[in-house]
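Okay, so here's the structure we're looking at.
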Amino acid sequence: MAGAAADKAASTKKAKYRQLVNSHVFFPDVIETGGTWNHLALELMQELGRRIIAVTDDSRETGLLDK
C-alpha cells in the first residue's frame, strides 16, 4: 500500500521522540523515496503554507509547497 512505509517510519519517530511532545509541537514528517508523504508531513506543509500567507498576504507564496 502506498504510504505504508512512511506511516511506519512516522510511528517509529513518534515513539523515539515521545518526550518532546511535552515541550514542543512535534511532526514526524516522513517522505518515502518514491515521493509518498505521510499525512503528518502533509499537515505540516499545509500549516507552513497558512502561516506564510498570513505573513505575506500573498496566496501565491505557497505554490511550491503544494503536493
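Between the helical axis of 39-56 and the longest alpha-carbon principal axis of the chain there is an angle of about 20 degrees.
Considering only L40, L20, L48, the Gaussian network model of the chain with Cα springs below 10 Å gives its largest mean-square fluctuation to L20.
Measuring max minus min along each principal axis, the C-alpha atoms of the chain give extents of 37, 32, 13 Å (largest first). Write out the chymotrypsin sites (Phe, Trp or Tyr not before Pro) in the chain meeting two conditions: DSSP loop, and at most 16 other Cβ atoms within 10 Å of their Cβ. Those that pass, being in a loop and sparsely packed, are Y17, F26.
Our summary gives the range 4-62 a relative contact order of 27 percent, counting only alpha carbon pairs under 8 angstrom and 6 or more residues apart.
Other residues within the sphere of radius under 12 Å centred on the Cβ of V21, judged by their own Cβ, net out at +4 (K and R +1, D and E -1). In the chain, helices alone account for a calculated mean residue ellipticity at 222 nm of -15000 deg cm²/dmol, with every DSSP H run of four or more residues adding -39,500 (n - 2.57). Quick check: the angle from helix 4-16's long axis to the longest principal axis of the chain, C-alpha only, nearest 10 degrees? Once rounded, the angle reads 80 degrees.
Each value in this text was obtained by applying a stated rule to the coordinates, not by laboratory testing. Remember, it's a predicted structure, so these values are computed and weren't measured experimentally. For neighbour counting, all protein chains shown are included, and Cβ atoms are generated from backbone atoms with ideal geometry for every residue, glycine included.
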